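The values are calculated or read from the model by the stated rules, or taken from the named source; none is laboratory data. Not measured: the values here are computed from a predicted model. Glycine gets a Cβ as well: all are built from the backbone with ideal geometry, and neighbour counts include every protein chain shown.
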Ligand code: SAM
Ligand code: SF4
């Protein structure tokens, strides 16, 4: 009944605004860049809009409502956001009824300044600031409610994938010197353990088989909650949900990850053997300037401990090259670390000064763009060789894949150790566990055949 009323309301709005195309529904388009947290928040907003009667559009130009979920972690991401905002300015000139909302890390506390720069934007709201979105919706007559944006929402469609992203802790208390995130996402706030369990139970009832728990630093989970449950406690609680097959989480912090968590990954069967453990640099002086609060000695002890306790573990890391003052020798330390650790995946990025951060205030960005590019290329070349060797060891082996969808005529999914696997088969494998015999490997993915 509620749903019918909401759809009628949306149809009325559609008529008032002279909506597009032949449809009698208002359409939304969500443009998302950046981290998994942004993707999770976009999914939440999409689910909410679906449930109040909006329909997803296939592009900006088919939409009545556009939401940009932005990232400004590096200048390159910010440039894409600014480019898209420019494009939308033109679109709004042509279609004045188009509504544009902006969220994500572009939105800082000074929304007045952003409004001045982007007068064509109807609403700017900070990541996760749903009360702002709801208040705006009320003014427009769009019946967005907290209940629909909240977790454990029960009348929202689940996307066709069997995998769901679940934010468990918002914000970050760490203030790494280069990073803008704590300034845009605020301090850490954990979600109550029971609330997360109820949300996952509901999602599993609607067909979800794998969850990824998200936080800028999942090792901080629970420190601000009564009784201080931690991530290991949460993993144990979630693992007792019947029909939930796999649990992942990211990102860990090398200064905080502890033995209790490592032992839990080793012993709880539903928790997949994969960790994202960003090192950022292989040199103690650079790590100090980055304010990472661990040393190479700590990292060099941690990784073998993890590998001893969880022999099947796959490890990903993040590296920044060209941090202010990084000498050739210090960069070589990062390269040697990668050779020594042999990570499965390395996300490498060139240092990008972010106004407002400690590094941007205190250090000169004195490594040229050419040198940063050379260093990035060296890392990528080395890592491609390492990943190629690691993955080639899977040739002829059988891996279990949870099938997430189809791309270019092939099924794809991930192994427990987070390897992307493709296979061809006429059957309907969506959401199924498939045993795949690996026939071909590359640094980035695997290809195989179903074992029936
Ligand atoms: N919380 C995670 C951690 O502790 O590493 C990562 C979150 S951060 C948003 C994602 C990645 O972006 C970082 O691991 C880092 O490598 C990269 N990054 C953040 N700020 C950057 C900057 N100013 N320049 C280049 N890369 C940056
Ligand atoms: Fe940024 Fe450091 Fe927090 Fe990660 S831990 S989000 S890099 S401040």
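Points worth noting:
- Residue list for segment 361-388, restricted to those being more than 17 Å from residue 348 (Cβ to Cβ) and touching a residue at least 24 places away in the same chain (Cβ under 8 Å): 362, 363, 364, 365, 366
- Subset of segment 60-72 that is out of contact with any helix residue (DSSP H, G or I) (no Cβ under 7 Å at 6 or more places or on another chain) and at pLDDT 95 or above - its residue that is surrounded by the fewest Cβ atoms within 10 Å (Cβ to Cβ): 65
- Output for segment 266-282, where each listed residue is away from ligand 1 (no atom under 15 Å from the Cβ) and either buried (at least 22 other Cβ atoms within 10 Å of the Cβ) or in a loop (DSSP other than H, G, I, E, B) (or both): 268, 269, 270, 271, 272, 273, 274
- Restricting 400, 389 to those that are farther than 30 Å from residue 185 by Cα and part of a strand (DSSP E or B) reduces the list to 400.
Rundown of residues vs (1) modelled with pLDDT of 95 or more; (2) assigned to a strand (DSSP E or B); (3) farther than 17 Å from residue 174 by Cβ, yes/no style:
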| position | (1), (2), (3) |
| --- | --- |
| 286 | yes, no, no |
| 299 | yes, no, no |
| 304 | yes, no, yes |
| 312 | yes, no, yes |
| 317 | yes, yes, no |
| 320 | yes, yes, no |
| 326 | yes, no, yes |
| 332 | yes, no, yes |
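- Annotation note: of 208, 196, the sole residue that is part of a helix (DSSP H, G or I) and either without any contact (Cβ under 8 Å) to a residue 40 or more places away in the chain or touching a strand residue (DSSP E or B) at 6+ places or on another chain (Cβ under 9 Å) (or both) is 196.
Okay, residues lined up against (1) farther than 27 Å from residue 212 by Cβ; (2) free of Cβ contacts under 8 Å to residues at least 60 places away in the same chain:
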| site | (1), (2) |
| --- | --- |
| 34 | no, no |
| 52 | no, no |
| 93 | yes, yes |
| 97 | yes, no |
| 115 | yes, yes |
| 140 | yes, no |
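- Candidate set: segment 294-308, residues that are free of Cβ contacts under 8 Å to residues at least 40 places away in the same chain and within 16 Å of ligand 1 (Cβ to nearest atom); chosen: the one surrounded by the fewest Cβ atoms within 10 Å (Cβ to Cβ): 295
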